[in-house]
1. I want to verify a result. In a Gaussian network model of the chain, Cα cutoff 10 Å, which of these has the top mean-square fluctuation: N78, N22, N172?
2. Please report the spacing between the Cα centers of the stretch 1-54 and the stretch 135-210 in Å, no decimals.
3. Which residues make up the longest stretch of the chain that has no trypsin sites (Lys or Arg not before Pro) in a DSSP loop with at most 10 other Cβ atoms within 10 Å?
4. What is the ratio of the Cα radius of gyration of the stretch 83-192 to 2.2 N^0.38 Å, with N the residue count, to two decimals?
5. Work through the residues other than A155 whose Cβ is under 14 Å from its Cβ and net out their charges, Lys, Arg +1 and Asp, Glu -1.
6. For the chain, what does the helix formula give at 222 nm: sum of -39500 (n - 2.57) over DSSP H segments with n ≥ 4, over the residue count, nearest 500 deg cm²/dmol?
7. Kindly write out, for the stretch 126-139 in residue order, the coupling ³J(HN,Hα) from the Karplus curve 6.51 cos²θ - 1.76 cosθ + 1.60 (θ = phi - 60°), rounded to whole Hz, with x marking Gly and Pro.
8. What residues qualify as long-range amide H neighbours of V112, i.e. H under 5 Å apart, gap of 5 or more or another chain, H built at 1.01 Å from N?
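Any read-out appearing in this document is the output of simple, stated calculations on the displayed coordinates, not a laboratory observation. Everything numeric in this text was worked out from a predicted model, so none of it was measured. Neighbour counts are summed over all protein chains in view; Cβ atoms, including those assigned to glycine, are modelled from backbone coordinates with ideal geometry.
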Amino acid sequence: MYKKIPKATAKRLPLYYRYLSNLNHQGKTRVSSSELSRALKVDSATIRRDFSHFGALGKKGYGYDVEYLLVFFRKALNQDQVTEVALIGVGNLGTAFLQYNFMKNNNTKIVVAFDTDKAKVGTDIGGTPIYDINELERWIGNVKVAILTVPVTVAEQITEKLAGLGIEGILNFTPARITAPKNVHVHHIDLSVELQTLIYFMQQDGMNQE
């Protein structure tokens, strides 16, 4: 539908969409790039550049029409249909995901979970059934996206199995830098690295203020 856009831009699209949704709920009809910049902590030039990848979305001197942008990004992000997700690994983090289950986003939902713990298999959390990891092929259905919260020692093995079952996207919360076929998109989220990065920037800000 659109030309290929930079990854950094693609990562900001959900941020824009969420803020525009809030503005729409508040009844606001127009917004400028400078307003978006202040609210989202993204440079206004970056916002205009991001939007330019999709053509003329705004008018000089007017800004952007909130409802128009909202509809546009809803289609760009495929928000008109529910994306079903499988959760692999129902430990502490996995349980938290099931309890939350994207409640503020009706377009994404964990519909099935898998684990090796016999005490959890056959139960459900928040209405999401938990099955034995050995029954992935039987219960994963047509789900195309998976969240991986398994021990690092089995992450690669599980990824290989998911790829073979038609999974096209994996959100990896394990420290393992898993590899997958080219047709499977993998996003790595290492919480310890994110925390260390946050602390680094805090320290840099403190040094700059001295």
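1. Looking only at N78, N22, N172, the biggest GNM fluctuation is shown by N22.
2. 25
3. On the way: sites that count: K3, K4, K41, K60, K104, K118, K182.
The longest uninterrupted stretch comes out as 119-181.
4. Details: Rg = 12.7 Å, N = 110, 2.2 N^0.38 = 13.1 Å.
Dividing the Cα radius of gyration by 2.2 N^0.38 Å gives 0.97.
5. -1
6. Per the formula, -13500 deg cm²/dmol.
7. Values per residue, Gly and Pro as x: x, x, 8, x, 10, 10, 5, 4, 6, 10, 3, 4, 6, 10 Hz.
8. Long-range HN contacts for V112: V85, L87.
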